[in-house]
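Trainee: Submitted below is the structure of interest, expressed as structure tokens.
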Amino acid sequence: MTNKAHGPGPDTALVELQERLAAEADPGRRRALIDEALRPPEPQLLDTCVLQNLDWVDRQLEANGPMVWDDVATAELVRQYGTDLAHDLIDVGILYKRFEWYGGYPWLVCDAALEETGLLQGPKGRSVRDLLEFLVGHQEQWSNDAYPGIAQGLLLAKGRARVSPLILRGLGVQSVEELHAADGPLSFLADRGDRLVATHALLSNIPVVLTTDRKTFWARRDRLLDMGLQVMRPSELLDVYEPYWKTLEAEFARRRAENPRRDRR
């Protein structure tokens, strides 16, 4: 999928970063400056809607190859799915392929997604489950230090996971079950699956849930933010990744220019 324009030009903070990078000779320090200023919140936990969107992207790529979302193609997608979902599909596809290009997805999945996708029927259900298993396999390859501070093992734990009482107390509960109960702190999320996804994110210290569900997660984002969990749509996530990717690519180009012999190996 080919990217489309997003957002305004460079803001003041980005200009200041470029000035600091130009003045910094050490490559390691330049990379640290980029990450400090621009790196998006990682990792992101996927809700089930995003998994179904990713499955749609995979099927389109398999059937049609890479898509160029010009005005005509975008208008047709809007006609089929409506404006919001059409742009979600385009943007999640862009993220998916860019992460693939860079060799890793900052996306995690949890048992709640396994449970919900298990209810999907027919070929589409099998396709979504295949995608989920791919992401699970990718997730299991991350070392424990890939995302410091993230309790990744809780996401797919077999049986009842043990959680620090201090974390539970900070969330105002005494047990995991109380956290995602219909009358618990997450009761503003009517769907049990959504409460389970939010529970996994909160207990695992994951900063972001990525969603395309505007009726639940997105509509309740302020309540979740009060609990320390950010909810983002694909378009928002893409908007914060694009300046990061662009600046990293400029940094890699600078390194190649500073060490031209490495390109001739």
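The values are calculated or read from the model by the stated rules, or taken from the named source; none is laboratory data. Since the structure is predicted, the reported quantities are computational estimates derived from the model, not experimental observations. Note that each Cβ is placed from the backbone with ideal geometry, even for glycine, and that neighbours are counted across all protein chains shown.
Trainee: Is it true that residue 217 is surrounded by 12 or more Cβ atoms within 10 Å (Cβ to Cβ), of a type in the set (Phe, Trp, Tyr) and out of contact with any Lys or Arg (no Cβ under 8 Å at 6 or more places or on another chain)? Explain how you work it out, then say what you get.
Mentor: Values: surrounded by 12 or more Cβ atoms within 10 Å (Cβ to Cβ): yes; of a type in the set (Phe, Trp, Tyr): yes; out of contact with any Lys or Arg (no Cβ under 8 Å at 6 or more places or on another chain): yes.
So residue 217 passes the test.
Trainee: Report every pair of residues separated by at least 6 positions or lying on different chains whose Cβ atoms are under 6 Å apart, first residue within segment 114-129 and outside any loop (DSSP other than H, G, I, E, B), second among the hydroxyl-bearing types (Ser, Thr, Tyr).
Mentor: 116/48; 128/117; 129/117
Trainee: Of everything in segment 75-123 that's of a type in the set (Gly, Ala, Ser), surrounded by fewer than 23 Cβ atoms within 10 Å (Cβ to Cβ) and at pLDDT 90 or above, which residue is nearest to residue 136 (Cα to Cα)?
Mentor: Among those that are of a type in the set (Gly, Ala, Ser), surrounded by fewer than 23 Cβ atoms within 10 Å (Cβ to Cβ) and at pLDDT 90 or above, it is 86.
Trainee: Filter segment 87-113 down to the residues that are in contact with a Ser or Thr (Cβ under 6 Å, 6 or more places away or on another chain) and not in a helix (DSSP H, G or I) and list them by number.
Mentor: Result: no residue meets the conditions.
Trainee: Looking at segment 219-226, can you tell me whether even one residue there is basic (Lys, Arg), in a helix (DSSP H, G or I) and in contact with a Phe, Trp or Tyr (Cβ under 7 Å, 6 or more places away or on another chain)? Full working, then the answer.
Mentor: Of segment 219-226, the ones basic (Lys, Arg) are 220-221, 223.
Narrowing the set further to residues that are in a helix (DSSP H, G or I) leaves 221, 223.
When the remaining residues are screened for being in contact with a Phe, Trp or Tyr (Cβ under 7 Å, 6 or more places away or on another chain), the result is 223.
Checked segment 219-226: at least one residue is basic (Lys, Arg), in a helix (DSSP H, G or I) and in contact with a Phe, Trp or Tyr (Cβ under 7 Å, 6 or more places away or on another chain).
Trainee: Does any residue of segment 231-252 turn out to be among the polar types (S, T, N, Q) and outside any helix (DSSP H, G or I)?
Mentor: Initially, segment 231-252 is screened for residues among the polar types (S, T, N, Q), giving 235, 247.
In the following step, the residues that additionally are outside any helix (DSSP H, G or I) were identified as none.
No - not one qualifying residue is present in segment 231-252.
Trainee: Only one residue in 57, 50 is aliphatic (A, V, I, L, M) and either part of a loop (DSSP other than H, G, I, E, B) or touching a Gly at 6+ places or on another chain (Cβ under 6 Å) (or both). Which one?
Mentor: Values: 50 fails: either part of a loop (DSSP other than H, G, I, E, B) or touching a Gly at 6+ places or on another chain (Cβ under 6 Å) (or both).
Unique residue meeting the criteria: 57.
Trainee: Here is a further query. Can you work out which of the residues in segment 141-177 that are outside any loop (DSSP other than H, G, I, E, B) and touching a helix residue (DSSP H, G or I) at 6+ places or on another chain (Cβ under 9 Å) is surrounded by the fewest Cβ atoms within 10 Å (Cβ to Cβ)?
Mentor: For segment 141-177, the residue satisfying everything is 153.
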